[in-house]
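Asks: Structure in structure tokens, see below.
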Amino acid sequence: MSFRLSTRSRARLVGVHPALTAVVEAAILRSSVDFMITEGLRTATRQAALVKAGASRTLRSRHLTGHAVDVAALVEGQVRWDWPLYGRIAQAFKAAAADLKTPLIWGGDWKTLRDGPHFELDRKAFP
Ligand SMILES: [Zn+2]
């Protein structure tokens with residue numbers, strides 16, 4: 001079976017780059033783990049608050065321009081933060097991105113401050 005994006009998840013994709021939205025739509029269909037979108041486009045005010053709280057280190061976040069989304073894994077409809085779930089979701093995102101020929105970066109592949117819930121369009125292809 002495949003999962004479907006909730007209405008709330010779809011609402012959070014408003015303002016997100018269409019190429020990234022297409023990857024999300026394809027990823028949910030092939031993911032072995034259900035997920036929701038927790039955040040897409042972010043305001044400068046919210047980004048500043050996240051940096052102040054220590055949740056983010058940059059004021060140049062890809063969320064500010066609609067080039068990034070954050071997901072939360074769902075098991076039986078409940079949010080789970082167990083790391084292995086995010087690896088499985090990332091597999092679905094990477095396969096979807098490859099199908100769509102959309103260069104995508106997973107925050108879980110970063111060497112410092114690994115960010116499992118975060119996916120963004122590659123700056124090289126989508127400045
Ligand atoms: Zn993020």
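Asks: May I ask for log10 I(q)/I(0) of the chain at q = 0.12, 0.21 Å⁻¹, from a Debye sum over the Cα atoms as equal point scatterers with solvent left out?
Replies: -0.40, -1.32
Asks: Please give the calculated 222 nm ellipticity per residue for the chain, where each DSSP H segment of at least 4 residues contributes -39500 (n - 2.57) and the sum is spread over every residue; nearest 500 deg cm²/dmol?
Replies: Details: 4 runs with 45 residues, N = 127.
So the calculated ellipticity at 222 nm is -11000 deg cm²/dmol.
Asks: For helix 83-99, what angle does its Cα long axis make with the longest principal axis of the chain, in degrees from 0 to 90 and rounded to 10?
Replies: Long axis of 83-99 versus the principal axis of the chain: about 80 degrees.
Asks: Return the carbon/sulfur percentage of the accessible area of segment 7-121, one whole number, probe 1.4 Å, all protein chains in place.
Replies: Answer for segment 7-121: carbon and sulfur cover 57 percent of the accessible area.
Asks: Give, rounded to the nearest 20 debye, the magnitude of the charge dipole that the chain has about its Cα centre when Lys and Arg contribute +1 at Cβ and Asp and Glu contribute -1 at Cβ.
Replies: It comes to approximately 380 debye.
Asks: Among 35, 100, 121, which residue has its Cα positioned farthest towards the positive end of the charge dipole of the chain, with +1 placed on the Cβ of Lys and Arg, -1 on the Cβ of Asp and Glu, and the dipole taken about the Cα centre?
Replies: Of 35, 100, 121, it is 121.
Asks: So, one more: Rounding to the nearest 10 and keeping the result within 0 to 90°, find how far the Cα-based axis of helix 18-30 lies from the longest principal axis of the chain.
Replies: For helix 18-30, the angle is close to 40 degrees.
Asks: Between the helical axis of 44-53 and the dominant principal axis of the chain, each derived from Cα atoms, what acute angle in degrees is found, rounded to the nearest 10?
Replies: With rounding to tens, the tilt is 90 degrees.
Asks: Averaged per residue, what accessible surface does segment 7-121 expose to a 1.4 Å probe, in Å²? List each step's numbers first, then the result.
Replies: On the way: 6170 Å² over 115 residues.
Here the residues of segment 7-121 average 54 Å² of exposed surface.
Asks: Using a Förster radius of 22 Å, what is the FRET efficiency between residue 52 and residue 112 based on their Cβ-Cβ separation? Nearest 0.05, please.
Replies: Working: r = 20 Å, r/R0 = 0.89.
Taking R0 as 22 Å, the efficiency between residue 52 and residue 112 is 0.65.
Asks: Under 22 Å between alpha carbons, and skipping anything fewer than 8 positions from residue 94 in its own chain: which lysines qualify?
Replies: 111, 124
Asks: In addition: Of all chymotrypsin sites (Phe, Trp or Tyr not before Pro) in segment 70-127, which ones are in loop regions per DSSP and have a Cβ with at most 16 other Cβ atoms within 10 Å?
Replies: Those that pass, being in a loop and sparsely packed, are 81, 110.
The values are calculated or read from the model by the stated rules, or taken from the named source; none is laboratory data. Quick caveat, the model's predicted, so the values are computed rather than measured. Methodologically, a virtual Cβ is constructed for each residue, glycine included, from the backbone with ideal geometry; neighbour enumeration extends over all protein chains shown. To get the accessible areas, we keep the full protein, side chains included, count just its heavy atoms, and leave off ligands, DNA and RNA. Shrake-Rupley method; radii C 1.70, N 1.55, O 1.52, S 1.80 Å.
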